[in-house]
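Q: Let me begin by handing over the structure; questions about it come next.
The values are calculated or read from the model by the stated rules, or taken from the named source; none is laboratory data. Computed from a predicted structure; not experimentally measured. Note: ideal-geometry Cβ built from the backbone for every residue, glycine included; neighbour counts use all protein chains shown.
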Protein chains: 4
Amino acid sequence: MSKNFAVIGVGGYIAPRHLRAIRDTGNQLLAAVDPKDSVGILDQYSFDVKFFTEIERFDRHLEKLRRGPEDGRIHLVSVCSPNYLHDSHCRLALRAGADVICEKPLVINPWNMDALHEIEEETKHRIYTILQLRVHPTLIQLRESLQKDNSVHDVELTYITSRGPWYQISWKGNADKSGGVATNIGVHFFDLLMWLFGSVNGIKVYHSDDQRMSGFIELEQARVRWFLSVDKNDLPDSAKSAGKTTYRSITVDGKEIEFSEGFTDLHTRVYEETLAGRGFGLADAHPSIDLTYAIRTAEISPKDELAHPFLKK
Amino acid sequence: MSKNFAVIGVGGYIAPRHLRAIRDTGNQLLAAVDPKDSVGILDQYSFDVKFFTEIERFDRHLEKLRRGPEDGRIHLVSVCSPNYLHDSHCRLALRAGADVICEKPLVINPWNMDALHEIEEETKHRIYTILQLRVHPTLIQLRESLQKDNSVHDVELTYITSRGPWYQISWKGNADKSGGVATNIGVHFFDLLMWLFGSVNGIKVYHSDDQRMSGFIELEQARVRWFLSVDKNDLPDSAKSAGKTTYRSITVDGKEIEFSEGFTDLHTRVYEETLAGRGFGLADAHPSIDLTYAIRTAEISPKDELAHPFLKK
Amino acid sequence: MSKNFAVIGVGGYIAPRHLRAIRDTGNQLLAAVDPKDSVGILDQYSFDVKFFTEIERFDRHLEKLRRGPEDGRIHLVSVCSPNYLHDSHCRLALRAGADVICEKPLVINPWNMDALHEIEEETKHRIYTILQLRVHPTLIQLRESLQKDNSVHDVELTYITSRGPWYQISWKGNADKSGGVATNIGVHFFDLLMWLFGSVNGIKVYHSDDQRMSGFIELEQARVRWFLSVDKNDLPDSAKSAGKTTYRSITVDGKEIEFSEGFTDLHTRVYEETLAGRGFGLADAHPSIDLTYAIRTAEISPKDELAHPFLKK
Amino acid sequence: MSKNFAVIGVGGYIAPRHLRAIRDTGNQLLAAVDPKDSVGILDQYSFDVKFFTEIERFDRHLEKLRRGPEDGRIHLVSVCSPNYLHDSHCRLALRAGADVICEKPLVINPWNMDALHEIEEETKHRIYTILQLRVHPTLIQLRESLQKDNSVHDVELTYITSRGPWYQISWKGNADKSGGVATNIGVHFFDLLMWLFGSVNGIKVYHSDDQRMSGFIELEQARVRWFLSVDKNDLPDSAKSAGKTTYRSITVDGKEIEFSEGFTDLHTRVYEETLAGRGFGLADAHPSIDLTYAIRTAEISPKDELAHPFLKK
C-alpha cells in the first residue's frame, strides 16, 4: 500500500529531490510546511497538499490526521529544513506517529543523537537519513572490491563546489546553524570513507575557515587527505579553464574513482531502500556525525607531509 | 556599454526569468535581496552578487555604490517582490539613482501610480514594467491585422491555471497583497485586450471569489467575455482528460488565437525593448491597473447573455 | 518544593503578569521563547533564563532538561502566545513532560479541545487555563449570594476597551488568529456569566464586525444583553468626558456589580489555585470556548427588544 | 505649532522614552512601524496612530502624507530600531521630507556618517541624535567647573549593567548588529568623556569579549580607565550584597561624580533642545562613533599600570 508523506522545509533547495522521490516511489504528499510561501513547486507534484507557513499549524494538522481514519494518516515525514532544526523536526514527526526521512547531517552535535534515540524508543517510530553515496552503484562495487583484502590505502578526497556571497549570508554560512563547511558539504563524503575503509583511528585538521577546511584522517584501511571548499578560487586550473564551478575527486592509491554519473536520482534510491526496510538509521548516521564534530572542534595542526596538496604553502 | 543590475525578490517564483533576461541581454547582476536566504539559484548566473536578507542593508549597499565610481553603480533594479511592495521598492530604486524594471502588476491601486509618477519627476529616473504579451510575435501580427478595419469583434478570454492550496496561504491568496485573481493572473491579459481593441467603455463582473472571477468588458472594438480561475475543477473536460493543468484560450469572432508557442523568453524580449529605449512605462501600465481595480471593486451583476459560457448556470 | 517554569510568548503583552505570578508564588523561570528578541523584561525577574527565538530550539532545550536531573526539569509551561498557537504550544509542553498554564482562550475552536484532552491522557500531564474572574473576591461573593435562590435575573454586560489602529493590524485583528472581538476580549466574561448563572439555553447575535459584537444569551438563571467593543467611539459620554478609555459594567437586575478593584494580581491568584491543585482545566474552559464559537458563527438576528441598549438604532 | 512625528521601532525597549518625549513636548505621533505587532503601548499615547509591520508600507504612508496637506505631513521621525538599521531608516525619513531624531549610536561604522551627511545636503533635512548625558544638569555643571582650568585629570569610568542570556541571543549580542558592548552600552559615556575632557590622543584596549570590554583613553585633559560589562559577575561586592544589578561610577581625580538622579526624563530634555534648534547633529555624534569604532577594532594590549582595577589579574 502506498504511503502518505509530509515535508518540512518544502521551500528550500533540496526539497525537489524529496518531492520527486516521494512521487517516483509511488507514494503521495499530503502536507507541507515552510516559513516562506513561494512553493509553487508543489503544483508539479500534486494539487492536494495542505500547506502551512507555521510549524505549529502543521503540527496541529498532523495531530488531526493522527486521530482520523487510518488511510489519511501521515506515515512518513521528510525533513529538509536547515540542519540545526533537524532534530526538533524529527521529534515533531515521531510524536505525530510518523517515521522520518531526514536530510544529512541528521544533527550537528553528537549528543542530540541520544535524545533522538530515546524518542524512537518512546514512540516506536524510526528515523532514517539520506546517505546517498552508499547506494551509488559504482561505490557499492568499489566497496566490494576493497573488502577482498586488508591492505591500507592512500586516499585523497577533494571537493570544491563554488558558492557566491549568498552562502555566507544564509544559514549555511552560520556554523551554529549548518555546522560549517566540513559538516554541511562534507558529511556524506566522510560517511562514505568510513563505509569503505572502516572506523577512525585519528584525525588532524590543518585548516579551517568559513569557506574551506582541510585535514587528515587515519581509518582502519586508509590514510585520507581531504580538502573541502566553497570558494571558486580553490578550483584547480583545469576546472577553471574548462569553465567548471565544481570539482570532485576521490583517488585511491592514486587512481581516480569515477562516480560522477548516476547522481541524479540517488534520493529516490535511498527512499526505495528505506521503504523496503533497509533505510539508514541513527546507528548508521552516528560515525559521520561524530567525525564531523571532531573535525569541527579539533585544534589546528601545523601543516606536515600528510596534508592535502591543495593546501596553500 | 553593459548595465549593472540589482534584483529585489530574487528568491521568488518569477525571479529566474529576470536573472536570465539580465544575462541574455549581456548585462550583469551585482546585488540582490530577499527575506529568504534559499537563493542558490544565483550561482547559476554569477558568483559575484552581493546578497542581503534585509531591504535596509540592500538600500545601504545601493547608496554606497551610488557614491562610488561610475562603473560600479547600479543602473537598473528589477523588482520581483510581492505585488503590494512594488511601489515601495520602485521608490527605493529611483532614489538610489537607478531605473526600474518592475513585474506586473506595477501597483494594485491606481492612486499609487501618481506617487510613482511624481518620484520619476523628482529623480529623473524611469519605471518600466513587464507587459510581455505586447512583444509576442503572433500577437503583434494580430494587432496589425486588427488595425486594418474598424469593426467590433466578439472576444472570449479563458485562462485557468491550477494552483494547489498553498496559493491561498501565500501572499497571492491575500487580496490586499496580490489584488486578487483578476489582478494577479489577469492583468497582462487585460492589458493585451486594450492594446488590441482599444479603451474601455464599460464593464460587468458576474462572479468574484478567491479562486475565480468572470465578467464582460466593452472595448472600443470588442465585446469581451472573460473567465479567470486558479481552480483545477474549472478546467474544461478536454484539458482534464489530456492531463493538462492549464487552459488558455483567446478567441476573436470564434476563431482561436494560437499563441502558446514563443512564451519562453518574453521577459528577455521585454528587457531588450526596455534597454533599447522602448520600454513600457507608467503611462502604458495605467489602463490595465485602472481596469483591474474597477473589476476588483465592481458590484456583482446578475448573470445575463453577455456572461462567459464557463460560468456555471 | 518550588517549581521550574518556562514561558512561551515572553515578549508579548500579557507575559509580565505570568512572570510576576511565577515569582510571587515562589517559583522560578528557567527558559523562555519568543520570535522577537526584545525581552529585557526578563532581567526584572531573573538573570538565569535560557532564551530562544525559535520554538524548535526551545523544544530541544526542554527535551534536554527532561532527560537531565529531576531538579532541573521544567514542571510547568506558561503559554502566552497568540491564541491560534495555544493548542500547539500546549502539546509541545505536555510532550516535554510539563503541565501547562495557558492564557485564555485556551483554543479558538471547540474541536481542538478534544485533541488536547487526548494528549492529556497520553502524557498524564494537565492543561490549566486562566479564568481570572473566577478568583475575584467580589465575584465569588456575588456567586454565593446568587446561589441562594433560583430566580432568573436580567443582566447587562458592557465592555468597551479602546484600541488604536495597531489592533487590527496585529494578530488580534485577524479572526483566524484571535477568534475576533467576542473571543479575544470577551471569553472570560462569558465564562463568568455561565459560572454565575448556569449553562446556555440559547443565543442571538445582533451585530458583528471587526471592532464590536453584541448579542443576547439566555442562561439557566439569567437573560444577558451584551455589548463588546474595541472602538473608542462606543464609549458612553460619561466615560468620554471623564477621559476614560475603558468602560466596564455588569449589572444584575439593574444593579451595578462593582469589581474594578482587585484586578491587579488575579493572574497570581490563578497560579496559586493551580499550584494548589485547584486549577481550571479543560472541562472548565469548555463551555466558554463553545459559547464564543457559537457566537462567532451565528447568523445575525434582526434587532429586537432583547438587544443591548448601546446598539445603535 | 506642534509637530507631527512618526516612530520606527515602536515595539522595542527604548521606544517608550521617545513616545513620552513626543507627548511631553506637546507634539503628536501619527504613524509607527515595527516588525512585531505587540504594540499596545501606543494606546497609552494616542488612538490615532497608523501602524505598520512592514517598512515598505510605512514608507508608502509617509510618501502619501508628504504629498498631502501641509498640516498632515510628518515633520520628524524618531528612529528606535536596532543599531545596524539606523542609517537606512534615517535615509528613509529624510527622503520622506522629515527631520530625524535617532537613538544612539547613530551608526556603527564611521563611513556611514559621510553617506548620511550627503543625504542631509541633498534633502535639506537634518539628523539629530540622542546624547542624553549632555543635558544632565549635574554633568553640565561639572563641565563648566572643568573648563575653568587646564589641568589633566585621572578619570575612572565603570559601568556594569547585568543582562541575562537573552542579551546575547538578541541583536544586541551580535557585534555586526549592535557594534558590541563598548558601542551599544558605552557610546554615550565616551561621548560624555570627550565633551568634558576634549579629544582623543590615544587609546589602549586591554580586554574585549561578548560581555565586557576595558581600556584606557588619553584625552586632552584626562587619562581615562574604563570598564564596561553586561555580566552580573563583574558587579563589585558592595553592589552584589545590596542586591543591585547595575553599578555606574565615574570618578574624577578619585572623587565620585554623583549623577544617578535626574535620569528619568533625559530623552524629553533632548527632544526639547532639538525642537528648539539646539539638537545634536552629525558633527556632534562623530567623535564618539569614531572612538567606539577604534576601540572595537583595536588590537588587544597587554595589561599595564593604566588598566582599570576591575580587570581580573
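Q: Quick one: A:GLY12 ticks every box in (1) within 27 Å of A:ALA276 (Cβ to Cβ); (2) in contact with a Phe, Trp or Tyr (Cβ under 8 Å, 6 or more places away or on another chain) bar one, so which box is it?
A: (2)
Q: Is region A:96-111 home to any residue that is within 28 Å of C:TYR84 (Cβ to Cβ) and either of a type in the set (Lys, Arg) or out of contact with any strand residue (DSSP E or B) (no Cβ under 6 Å at 6 or more places or on another chain) (or both)?
A: Within region A:96-111 (the criterion being within 28 Å of C:TYR84 (Cβ to Cβ) and either of a type in the set (Lys, Arg) or out of contact with any strand residue (DSSP E or B) (no Cβ under 6 Å at 6 or more places or on another chain) (or both)), the answer is yes, since at least one residue qualifies.
Q: Against the definition (within 23 Å of B:GLY97 (Cα to Cα) and either in a helix (DSSP H, G or I) or within 10 Å of chain C (Cβ to nearest Cβ) (or both)), how does D:ARG57 come out, yes or no?
A: Considered against the rule, which asks whether it is within 23 Å of B:GLY97 (Cα to Cα) and either in a helix (DSSP H, G or I) or within 10 Å of chain C (Cβ to nearest Cβ) (or both), D:ARG57 comes out as yes.
Q: If you take the residues in region B:60-82 that are in a loop (DSSP other than H, G, I, E, B), of a type outside the set (Gly, Ala, Ser) and within 10 Å of another protein chain (Cβ to nearest Cβ), which one is surrounded by the fewest Cβ atoms within 10 Å (Cβ to Cβ)?
A: B:ARG67
Q: Taking the conditions exactly as written (closer than 30 Å to C:ILE185 by Cα, free of Cβ contacts under 8 Å to residues at least 60 places away in the same chain and in contact with a Gly (Cβ under 8 Å, 6 or more places away or on another chain)), does D:PRO16 satisfy them or not?
A: The answer is no for D:PRO16.
Q: OK, next. Checking the structure you have, find out if any residue of region D:203-216 is within 29 Å of D:VAL77 (Cα to Cα) and either within 14 Å of another protein chain (Cβ to nearest Cβ) or among the hydrophobic types (A, V, I, L, M, F, W, C) (or both).
A: Checked region D:203-216: no residue is within 29 Å of D:VAL77 (Cα to Cα) and either within 14 Å of another protein chain (Cβ to nearest Cβ) or among the hydrophobic types (A, V, I, L, M, F, W, C) (or both).
Q: Further, regarding this structure: Within region C:132-150, can one find any residue that is within 13 Å of another protein chain (Cβ to nearest Cβ), of a type in the set (S, T, N, Q) and part of a helix (DSSP H, G or I)?
A: No, because not a single residue in region C:132-150 is within 13 Å of another protein chain (Cβ to nearest Cβ), of a type in the set (S, T, N, Q) and part of a helix (DSSP H, G or I).
Q: May I ask you to verify whether C:PHE51 is in a helix (DSSP H, G or I), among the aromatic types (Phe, Trp, Tyr) and crowded, with 21+ Cβ neighbours inside 10 Å?
A: Considered against the rule, which asks whether it is in a helix (DSSP H, G or I), among the aromatic types (Phe, Trp, Tyr) and crowded, with 21+ Cβ neighbours inside 10 Å, C:PHE51 comes out as no.
Q: Also: From the residues in region A:1-48 that are buried (at least 20 other Cβ atoms within 10 Å of the Cβ) and at the interface with chain B (Cβ under 7 Å from one of its Cβ atoms), which one is nearest to B:GLN168 (Cα to Cα)?
A: A:ASP37
Q: Right, another one. Could you count how many residues in region B:241-251 are within 23 Å of the chain's Cα centre (by Cα) and not in a loop (DSSP other than H, G, I, E, B)?
A: Residues that pass the stated criteria total 6.
Q: Here's a follow-up. Among the residues of region C:276-288, is there at least one that is among the hydroxyl-bearing types (Ser, Thr, Tyr) and crowded, with 19+ Cβ neighbours inside 10 Å?
A: yes
Q: So C:ALA115 ticks every box in (1) more than 7 Å from every other protein chain (Cβ to nearest Cβ); (2) surrounded by fewer than 22 Cβ atoms within 10 Å (Cβ to Cβ) but one. Which box is left unticked?
A: Going through the list (1) more than 7 Å from every other protein chain (Cβ to nearest Cβ); (2) surrounded by fewer than 22 Cβ atoms within 10 Å (Cβ to Cβ), C:ALA115 breaks only (1).
Q: Among the residues of region A:221-280, count how many are under 25 Å from A:VAL135 (Cα atoms) and basic (Lys, Arg).
A: Summing the residues that are under 25 Å from A:VAL135 (Cα atoms) and basic (Lys, Arg) in region A:221-280 gives 6.
Q: Of B:LEU85, B:LEU94, which residue is away from chain A (no Cβ under 14 Å), at pLDDT 95 or above and either touching an Asp or Glu at 6+ places or on another chain (Cβ under 9 Å) or under 30 Å from B:THR297 (Cα atoms) (or both)?
A: Only one candidate passes the filter, namely B:LEU94.
Q: Looking at region A:272-287, which of its residues are outside any helix (DSSP H, G or I), in contact with a strand residue (DSSP E or B) (Cβ under 8 Å, 6 or more places away or on another chain) and over 19 Å from A:THR183 (Cβ atoms)?
A: Within region A:272-287, A:GLY279, A:GLY281 qualify.
Q: Of the residues that sit in region C:162-183 and are part of a helix (DSSP H, G or I) and surrounded by 23 or more Cβ atoms within 10 Å (Cβ to Cβ), which one is nearest to the other protein chains (Cβ to nearest Cβ)?
A: Going through the qualifying residues, I end up with C:TRP166.
Q: Take C:SER214 and decide whether it is out of contact with any Pro (no Cβ under 7 Å at 6 or more places or on another chain) and either under 26 Å from C:ASP87 (Cα atoms) or at pLDDT below 95 (or both).
A: Spelling it out, it is not the case that C:SER214 is out of contact with any Pro (no Cβ under 7 Å at 6 or more places or on another chain) and either under 26 Å from C:ASP87 (Cα atoms) or at pLDDT below 95 (or both).
Q: From the residues in region B:146-156 that are closer than 21 Å to B:GLN132 by Cβ and surrounded by fewer than 22 Cβ atoms within 10 Å (Cβ to Cβ), which one is modelled with the highest pLDDT?
A: Among those residues, the one meeting the criterion is B:LEU146.
Q: Do the conditions hold for B:LEU133, that is, is it in contact with a strand residue (DSSP E or B) (Cβ under 9 Å, 6 or more places away or on another chain), of a type outside the set (Ser, Thr, Tyr), surrounded by fewer than 23 Cβ atoms within 10 Å (Cβ to Cβ) and within 21 Å of B:GLU273 (Cα to Cα)?
A: no
Q: Going through region B:114-130 one residue at a time, which ones are over 15 Å from the mean Cα position of the chain (by Cα) and in contact (Cβ under 8 Å) with a residue 40 or more places away in the chain?
A: Those that are over 15 Å from the mean Cα position of the chain (by Cα) and in contact (Cβ under 8 Å) with a residue 40 or more places away in the chain: B:LEU116, B:HIS117, B:GLU120, B:ARG126.
Q: Are there any pairs with C-beta distances below 6 angstrom linking a residue in region D:270-289 that is over 25 Å from D:GLY26 (Cα atoms) to a residue that is buried (at least 17 other Cβ atoms within 10 Å of the Cβ) and hydroxyl-bearing (Ser, Thr, Tyr), with the two at least 6 apart or on different chains, and if so which?
A: Sorted first by the residue in region D:270-289, then by its partner, the pairs are D:ALA285/D:THR129.
Q: Out of (1) more than 9 Å from every other protein chain (Cβ to nearest Cβ); (2) at pLDDT 95 or above; (3) over 16 Å from A:LEU94 (Cα atoms); (4) touching a strand residue (DSSP E or B) at 6+ places or on another chain (Cβ under 9 Å), the odd one out for A:PHE52 is which?
A: Answer for A:PHE52: the failing condition is (1).
Q: I've got another one for you. So D:ALA6 passes all but one of these: (1) touching a residue at least 24 places away in the same chain (Cβ under 8 Å); (2) farther than 22 Å from C:VAL230 by Cβ; (3) assigned to a helix (DSSP H, G or I). Which condition number does it fail?
A: (3) is the only condition that D:ALA6 fails.
Q: Sort out which residues of region B:1-26 are farther than 14 Å from B:CYS102 by Cβ, of a type outside the set (Val, Ile, Thr) and within 22 Å of the chain's Cα centre (by Cα), and write them in order of number.
A: Correct list: B:GLY11, B:TYR13, B:PRO16, B:LEU19, B:ARG20, B:ARG23, B:ASP24.
Q: Could you list, in sequence order, all residues of region C:209-240 that are surrounded by fewer than 19 Cβ atoms within 10 Å (Cβ to Cβ), in contact (Cβ under 8 Å) with a residue 24 or more places away in the chain and in a strand (DSSP E or B)?
A: C:ARG223
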